[in-house]
1. Run VAL49 past the list (1) in a strand (DSSP E or B); (2) more than 26 Å from GLY102 (Cβ to Cβ) and report the number of the one that doesn't hold.
2. Pick out, from the stretch 140-244, the strands (runs of 3 or more DSSP E) lying fully within it that include 2 or more residues that are of a type in the set (A, V, I, L, M) and either open to solvent by less than 50 Å² (accessible area, probe 1.4 Å) or more than 17 Å from ILE6 (Cα to Cα) (or both).
3. What's the number of the condition GLU24 fails, among (1) closer than 18 Å to ILE6 by Cβ; (2) assigned to a strand (DSSP E or B); (3) of a type in the set (Asp, Glu)?
4. Could you please find all residues in the stretch 8-21 being among the charged types (D, E, K, R), touching a residue at least 60 places away in the same chain (Cβ under 8 Å) and either assigned to a strand (DSSP E or B) or surrounded by 14 or more Cβ atoms within 10 Å (Cβ to Cβ) (or both)?
5. Just checking, does the stretch 85-101 include any residue being open to solvent by 50 Å² or more (accessible area, probe 1.4 Å), out of contact with any Ser or Thr (no Cβ under 9 Å at 6 or more places or on another chain), at pLDDT 90 or above and outside any helix (DSSP H, G or I)?
6. Under the condition of being surrounded by 13 or more Cβ atoms within 10 Å (Cβ to Cβ) and either in contact with a Phe, Trp or Tyr (Cβ under 8 Å, 6 or more places away or on another chain) or not β-branched (Val, Ile, Thr) (or both), which residue from the stretch 64-80 is nearest to MET143 (Cα to Cα)?
7. So in the stretch 219-238, with the set limited to residues that are of a type in the set (Gly, Ala, Ser) and over 15 Å from the mean Cα position of the chain (by Cα), which one is modelled with the highest pLDDT?
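The values are calculated or read from the model by the stated rules, or taken from the named source; none is laboratory data. In this text, all values refer to a predicted model and were calculated from it rather than measured experimentally. When we count neighbours, we look across all protein chains shown, and the Cβ atoms used for this are built from the backbone with ideal geometry, even at glycine. For accessibility, only protein heavy atoms count, side chains too; no ligands or nucleic acids. Shrake-Rupley method; radii C 1.70, N 1.55, O 1.52, S 1.80 Å.
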Amino acid sequence: WDKEGIMALVKKTYIKGNLKVGFEISATGAVKHAEGAAVDEETLVMGIVNLVPASIKKWVSISDEANDLSGEAYLRYIYDELAYQIAKKAADELVASIEACGTVSTTTCPSVPILTEASIGMGTIAKAISQLSDSAANPTIMMNKATWSHFKAVQYNNGYAADPFEGLNVVFNNTISAYSAATTGDTYCIVGDLGQGAIANFPNGNDIQFKYDDLTLAASDLVRVIGREFVALGAVAPDHFVKIQK
């Protein structure tokens with residue numbers, strides 16, 4: 001999990017079964033109390049995100065001959081490859097859940113504001129940060145790797161030393177549309193606090209389970225190596241992410 005940029009940063013929990021996470025949709029503020037006067041009760045509206053775990057699987061078959069010739073090193077590579085693909089899919093699912101959120105909180109989904117920027121500028125990320133909740137204290141930038149080059153081009157053309165990323169960490173996810181391929185209304189960048197605004201819940205722990213099946217395809221001299229992780233992912237706090245769209 002530490003090798004996948006998004007999954008290394010998201011908050012992880014280990015609760016058995018479905019995980020319900022409450023979030024505040026709206027609330028009336030505190031008031032100054034004048035002696036002898038009654039204070040109105042707070043009006044609090046809550047929503048609940050229901051994180052339902054699902055299996056993420058990946059498997060590959062290898063020949064007995066390849067396994068015999070390459071030995072433990074090759075098998076370790078196979079296990080690492082399956083683990084990486086599972087972690088990447090988990091990150092893709094989290095990005096999809098953020099993109100699916102609307103700009104207004106509902107009783108089941110927190111709000112994710114939209115910043116419309118048809119052209120990338122030096123202030124694009126700063127504008128996105130300004131729309132985040134005060135509690136989104138450690139935002140990260142998520143984008144397609146191809147989009148990164150457009151931000152860098154703006155920086156190089158700016159004529160003076162300035163950082164278009166505002167000093168934030170950038171992690172790549174190529175399920176997010178590349179800026180060059182995005183059309184009107186497409187998200188090409190997400191800015192948000194993965195540690196406070198999202199959760200990955202692992203009911204059975206975050207150790208990926210592997211099965212080494214040397215029986216099913218034995219007649220074909222093939223061994224199946226199967227990787228599986230049981231996890232639920234989603235955004236759980238309003239205004240902790242901002243989608244930048246064309």
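1. It is condition (2) that VAL49 fails.
2. Here the list reads 140-143, 170-172, 187-192, 198-201, 222-235.
3. (1) is the only condition that GLU24 fails.
4. LYS11, LYS12
5. no
6. Filtering first and then ranking leaves TYR79.
7. Selected residue: GLY227.
Quick grid of which residues meet (1) modelled with pLDDT of 95 or more; (2) open to solvent by 80 Å² or more (accessible area, probe 1.4 Å):
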site	(1), (2)
GLU35	no, yes
GLU42	no, yes
LEU51	yes, no
ALA54	yes, no
ILE62	no, no
LEU82	no, no
PRO110	yes, no
